[in-house]
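The values are calculated or read from the model by the stated rules, or taken from the named source; none is laboratory data. Keep in mind the model is a prediction, meaning the values are calculated, not measured. So basically every Cβ, Gly included, is an ideal-geometry build from the backbone, and we count neighbours across all protein chains shown. The protein model used for the area step is the full one, side chains on, heavy atoms only, and it has no ligands, DNA or RNA in it. Shrake-Rupley method; radii C 1.70, N 1.55, O 1.52, S 1.80 Å.
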Amino acid sequence: MRDIQSIDDLRRRAKRRLPAMVYDFIEGGALDELTLRRNREALEAQLLPQRVLVDTSQRHATASILGTRLDLPLVVSPMGLLTVCHPDADVAIARAAATSGSVFVHSPWSGCSLEEVTDAAPGRVWAQIAFWNDSSETERHIDRAEALGVETLVVAGDVAVSSKRDRDLRHGSGMPPRPPLRDVVDTAFHPGWVLRWLLGRRITWGTYRIDGRAIRMSEMDAWMDRNTNQAASWDDIARLRSRWKGNLVVKGVMTQADARLAIDHGTDGVFVSNHGGRQFDGQLATIEALPSVVDAVDGRAAVIMDGGIRRGSDIAKALSLGADAAAAGRPFALGLAAAGRPGVERAFDVLHDELLTVMGFLGVTRIEGLPESLCASHDLSDGIEAAR
Ligand SMILES: Cc1cc2nc3c(=O)[nH]c(=O)nc-3n(C[C@H](O)[C@H](O)[C@H](O)COP(=O)(O)O)c2cc1C
């Protein structure tokens, strides 16, 4: 894969291989995609202070988060419906995460079951759960996670409201999809994808079942309409906390108020995320929200941040601003679409190498040595401060 030197190279290859409706499902965001773009722009605006003449010959990026040792401080964010990218979907990503010394967060909206991914990557899977209207469904999910030895639950905090994603609506994406003619034609021009789709797993919903069988694509929308819980609250977190003995993380925390509530409700981790700009458009970038969340958490829980991580230097920026680990979604979905499991492994390798390189320029040999402040491009005095 010599032609894949960056996550953007993987994106380009994935774009060639996927029908436009699938590519847009992965890459797109809500409404005007302001927050999607802002995640990148705000990361790009952060600058790192170069140091010179420091012995950095022995660098490593190992880290530890919630009792799990990582070869690099990067976790795979939960992503639903990756079966549209590649039939191996979450299983391929979970395996790649395990061989790369990372952790895979399984999504309740995944096309693969929690059992499949824990089997593929034992000890390297965290489980995301959602508070469904039918609470026994959530309970069963937690029981399964417990039985499978999953140590960390990640609560989906920002899914009570369905977002509007214009790109998906234009493609007629839904469950089942109703694509316009131009998408049918475009899909026909991607015979590799069609073949993989026909020969590979059928797109079902991996985690939940109706009458003991997998939920079919045609049934997903109705299931969601029935079960999406718009009344989920911190009371649910309190109940979960008293029942779940493992690590508990809340995903979607973007404010100090929610960070404090998460701490008050006994969570072990706060996941700073705006869903990669896919849910609520017009809010801060995660790297902008991170420092105030870190302040509110004040060392009482682990902090993870995702949204726009595309370079190793982005991981360094998130950690310098107080995150204990970064996370990413699209880079791995794009790797999967570009080349299956090897594509995901390539994404990890690229980000790992880039992180080690930037650590060299920062004059640090371990993650703990990363600078504790950065400079935004519009305020050079911060940079001078950070360099002192
Ligand atoms: C295709 C796709 C599906 C996603 N599904 C979920 C999901 O099931 N649960 C969730 O909490 N977030 C979901 N997300 C958001 C990711 O967990 C993560 O927050 C986001 O991708 C981070 O931004 P990045 O893609 O720029 O790294 C999804 C993202 C993508 C791209």
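Remarks
- Filter result (at pLDDT 90 or above and touching a strand residue (DSSP E or B) at 6+ places or on another chain (Cβ under 7 Å)) within region 200-251: Ile237, Leu240, Arg241, Trp244, Gly246, Asn247, Leu248, Val249, Val250, Lys251
- The number of residues in region 94-109 being more than 11 Å from the ligand (Cβ to nearest atom) and either acidic (Asp, Glu) or within 16 Å of Val150 (Cβ to Cβ) (or both) comes to 6.
- Taking region 341-357 as the range and being surrounded by 22 or more Cβ atoms within 10 Å (Cβ to Cβ) and of a type in the set (Val, Ile, Thr) as the test, the residues that pass are Val344, Val350.
- Residue list for region 324-340, restricted to those being touching a helix residue (DSSP H, G or I) at 6+ places or on another chain (Cβ under 9 Å), open to solvent by 10 Å² or more (accessible area, probe 1.4 Å) and closer than 22 Å to Leu153 by Cα: Gly329, Arg330
- Of all residues in region 263-277, exactly one satisfies the criterion of being open to solvent by 20 Å² or more (accessible area, probe 1.4 Å) and under 22 Å from Trp109 (Cα atoms), namely His275.
- When Ile210 is tested against (1) away from the ligand (no atom under 16 Å from the Cβ); (2) within 24 Å of Gly149 (Cβ to Cβ), just one condition goes unmet, and that condition is (2).
- Yes/no for Val249 being within 15 Å of the chain's Cα centre (by Cα) and either part of a loop (DSSP other than H, G, I, E, B) or over 20 Å from Asp32 (Cβ atoms) (or both): yes
- In region 129-143, residue least open to solvent (accessible area, probe 1.4 Å) [restricted to those that are more than 22 Å from the chain's Cα centre (by Cα) and free of Cβ contacts under 8 Å to residues at least 60 places away in the same chain]: Ser136
- Condition met for Ser64 (without any contact (Cβ under 8 Å) to a residue 24 or more places away in the chain and open to solvent by 10 Å² or more (accessible area, probe 1.4 Å)): yes
- Candidate set from region 104-120 (those that are over 21 Å from Val159 (Cβ atoms) and either touching a Gly at 6+ places or on another chain (Cβ under 8 Å) or of a type in the set (A, V, I, L, M, F, W, C) (or both)); member that is most open to solvent (accessible area, probe 1.4 Å): Glu116
- Close pairs (6 angstrom Cβ cut-off, 6 or more residues apart or separate chains): without any contact (Cβ under 8 Å) to a residue 40 or more places away in the chain and closer than 18 Å to Trp126 by Cα in region 152-175, of a type outside the set (D, E, K, R) and open to solvent by 40 Å² or more (accessible area, probe 1.4 Å) anywhere: none
- Boolean, Phe104 is closer than 24 Å to Leu18 by Cα and touching a residue at least 12 places away in the same chain (Cβ under 8 Å): yes
- Comparison of Arg241, Arg260, Arg300 shows that the only residue that is free of Cβ contacts under 8 Å to residues at least 60 places away in the same chain, open to solvent by 20 Å² or more (accessible area, probe 1.4 Å) and either in contact with a His (Cβ under 9 Å, 6 or more places away or on another chain) or assigned to a strand (DSSP E or B) (or both) is Arg241.
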